[in-house]
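Here is the structure we will look at.
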2 protein chains.
Amino acid sequence: MSSGDPVTAVRVACCQVRLAVGDVDGNRARVRRAVAEAAEAGARIIVLPELANSGYVFRDAAEARSLAEPADGPTVAGWVDLALRHDAVLVGGFCELDPDRRVRNSAVLVDASGVRALYRKAHLWDREKLVFDPGDAAPAVVDTAYGRLAVMICYDLEFPEWTRMAALAGTQLLCAPVNWPQLPRPAGERPSEIVRVQAAAAINRMFVAVADRTAGERGVDWVGGTVVVDPDGWPLRDLVLGREATVVADLDLAAARDKRISEHNDVHADRRPDLYAPVYRI
Amino acid sequence: MSSGDPVTAVRVACCQVRLAVGDVDGNRARVRRAVAEAAEAGARIIVLPELANSGYVFRDAAEARSLAEPADGPTVAGWVDLALRHDAVLVGGFCELDPDRRVRNSAVLVDASGVRALYRKAHLWDREKLVFDPGDAAPAVVDTAYGRLAVMICYDLEFPEWTRMAALAGTQLLCAPVNWPQLPRPAGERPSEIVRVQAAAAINRMFVAVADRTAGERGVDWVGGTVVVDPDGWPLRDLVLGREATVVADLDLAAARDKRISEHNDVHADRRPDLYAPVYRI
């Protein structure tokens with residue numbers, strides 16, 4: 001790096017935390033501990049799971065509502081405090097009660113200056129549709145001290161339109177809180193959620209950092225598929241499937257600005273938007 | 001299957017053929033032999049590599065032009081003849097001289113009735129840009145005796161807009177002639193081209209059948225990544241990386257009509273096109 005270049009190499013940690021539905025205090029404490037450990041290990045961008053305050057497997061909409069809190073409530077305020085104390089960027093998911101008293105599956109990006117972005121999951125998974133109102137805004141894209149970061153949540157990742165939108169907005173690192181429910185897969189195969197994240201990263205030449213959760217809940221088990229993927233689509237560390245763990249990786253986020261993959265190819269410039277437009281109006 | 005249902009289970013073969021640039025007669029003969037063997041094994045849909053008449057690593061545009069032939073030329077006429085003889089659907093790539101004398105990286109879908117679709121690669125790879133005019137039409141989508149098939153070529157697969165367009169048009173089986181150049185990958189990792197195909201299949205819940213080639217050519221080696229992937233995104237057979245081989249799989253194409261993945265999810269109905277449209281106009 002020549003002098004005067006912006007600092008782009010940064011240590012990222014994704015915390016695969018044990019969560020328990022309804023145990024808001026316990027969840028907060030486990031997240032706080034994981035963040036402190038990640039920061040101590042030098043992480044400056046820290047990603048937490050989806051619904052990290054409430055847990056996931058709600059009995060019904062009423063239970064989710066009872067666990068929801070505003071974006072200026074104690075969970076997010078606590079994360080801002082952690083960001084300030086550890087001089088870090090935090091991305092985490094939480095069960096939100098929005099100003100219109102609708103319940104949302106949300107995530108924030110916070111840094112020492114406060115809440116930089118509030119994102120509400122636009123693609124809801126299964127019974128989430130009975131519990132949450134979906135978001136209506138694009139993926140959050142934020143310039144931080146370390147580069148341009150985007151935020152989306154879990155099932156959002158399975159819509160290439162959504163990951164492409166974030167990428168076309170200049171995202172260098174896509175941060176995704178998830179709760180990936182365990183599904184059957186053939187022997188020897190990597191969880192398909194990770195395969196899709198690898199493809200999204202490679203297709204857009206951006207980094208993707210996913211924080212999943214652990215600890216079975218009311219009959220649902222989790223992949224525990226926390227992973228950091230590089231712009232070639234390769235996981236940067238061994239998978240930590242299923243156990244409590246923090247995945248740490250040092251990323252040169254500037255690499256994600258370069259979309260070239262051969263002398264004559266650029267994964268974004270090679271798009272043919274005039275040919276795509278009509279069908280996306282369907 | 002109840003009586004009266006359309007027949008949807010079909011044997012598909014993808015022929016990973018040895019090709020040699022400039023050896024049009026030899027390439028035709030090897031393809032003919034591979035198709036005969038696949039048909040004898042019961043295949044009714046047979047997929048061949050990209051540029052199966054000409055080979056790939058042209059010295060320059062003039063060499064490609066010298067090997068190009070019209071869509072009613074001997075290569076495609078020979079494939080129609082094979083389709084008729086073997087009562088099969090054939091999808092294969094060829095170097096085309098179009099009616100305006102432009103050179104194209106094209107593919108046809110033929111059956112016993114003749115040429116059902118002519119597709120011209122819309123996303124050109126590397127030095128192809130110096131050789132071919134890109135296509136300007138959507139992926140070809142054709143109703144055959146066995147179900148709805150789509151055709152695209154190689155690098156096209158890396159544009160989720162393109163695979164989505166084919167899927168939204170009702171494709172049950174996406175057939176893709178490819179020539180995947182060998183690139184470095186970490187130990188233990190599957191070729192990234194296959195990872196991206198797995199993601200495209202799962203994200204759209206459609207089958208994808210890819211026919212790659214073998215035999216190094218002027219310093220370029222090939223993945224030999226021929227693969228048939230199911231709507232969950234899993235390869236249906238062991239990979240045959242790099243060697244001459246035919247991958248055969250029996251597919252229940254009707255399964256690709258069902259886009260549900262949970263009680264409340266459908267991978268296509270869950271899209272939020274109103275939120276996607278603006279950025280795809282970029």
Of the residues in the stretch B:243-268, those that are open to solvent by less than 40 Å² (accessible area, probe 1.4 Å) and in a loop (DSSP other than H, G, I, E, B) come to B:Lys259, B:Val267, B:His268
Using the structure shown, decide if A:Ala52 is open to solvent by 40 Å² or more (accessible area, probe 1.4 Å), at pLDDT 95 or above, in contact with a Ser or Thr (Cβ under 8 Å, 6 or more places away or on another chain) and closer than 27 Å to A:Gly147 by Cα.
-> no
The residue from A:Ala209, A:Ala169 that alone is buried (at least 24 other Cβ atoms within 10 Å of the Cβ) and farther than 12 Å from B:Ala199 by Cβ is A:Ala209
For the stretch A:238-252 the number of residues that are under 15 Å from A:Leu173 (Cβ atoms) and of a type outside the set (Val, Ile, Thr) is 4
Of the residues in the stretch B:171-187, those that are within 10 Å of another protein chain (Cβ to nearest Cβ) and out of contact with any helix residue (DSSP H, G or I) (no Cβ under 9 Å at 6 or more places or on another chain) come to B:Pro184, B:Pro186
The condition from (1) closer than 20 Å to B:Cys15 by Cα; (2) not in a strand (DSSP E or B) that B:Ala199 misses is numbered (1)
Turns out the strands (runs of 3 or more DSSP E) fully within the stretch A:53-170 with at least 2 residues that are within 14 Å of another protein chain (Cβ to nearest Cβ) are A:114-120, A:140-144
Of the residues in the stretch B:269-282, those that are of a type in the set (A, V, I, L, M) and either assigned to a loop (DSSP other than H, G, I, E, B) or modelled with pLDDT of 95 or more (or both) come to B:Ala269, B:Ile282
Only unsatisfied item for B:Arg271, checking (1) closer than 18 Å to A:Ser192 by Cβ; (2) facing another protein chain (nearest Cβ under 9 Å), is (1)
message = Quick check on the stretch B:113-127. Is at least one of its residues of a type in the set (Asp, Glu) and within 16 Å of the chain's Cα centre (by Cα)?
response = no
Going through the stretch B:166-210 in order, the residues found to be of a type in the set (Ser, Thr, Tyr) and over 19 Å from B:Gly92 (Cα atoms) are B:Ser192
Expected output for the stretch B:236-263 (first residue in contact (Cβ under 8 Å) with a residue 12 or more places away in the chain and more than 14 Å from chain A (Cβ to nearest Cβ), partner open to solvent by less than 60 Å² (accessible area, probe 1.4 Å) and in a helix (DSSP H, G or I), Cβ below 8 Å, 6+ apart or cross-chain) is B:Thr246/B:Ala34; B:Thr246/B:Ala38; B:Val248/B:Ala38
Restricted to the stretch B:87-137 and to residues being among the hydrophobic types (A, V, I, L, M, F, W, C) and within 22 Å of A:Asp266 (Cβ to Cβ), the residue most open to solvent (accessible area, probe 1.4 Å) is B:Leu130
Item checked: Test result for A:Leu84, open to solvent by less than 10 Å² (accessible area, probe 1.4 Å) and out of contact with any helix residue (DSSP H, G or I) (no Cβ under 6 Å at 6 or more places or on another chain) -> no
Of (1) more than 30 Å from B:Asp126 (Cβ to Cβ); (2) exposed (fewer than 15 other Cβ atoms within 10 Å of the Cβ), B:Gly216 fails just (1)
(request) Consider B:Arg127 carefully, then state whether it is basic (Lys, Arg) and more than 17 Å from A:Tyr276 (Cβ to Cβ). (result) yes
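The values are calculated or read from the model by the stated rules, or taken from the named source; none is laboratory data. What you see is a predicted model, and the numbers here were worked out from it, not measured in a lab. Backbone-built Cβ (ideal geometry, glycine too); neighbour counts: all protein chains shown. Quick note on the areas: whole protein, heavy atoms, side chains included, nothing else; ligands and nucleic acids left out. Shrake-Rupley method; radii C 1.70, N 1.55, O 1.52, S 1.80 Å.
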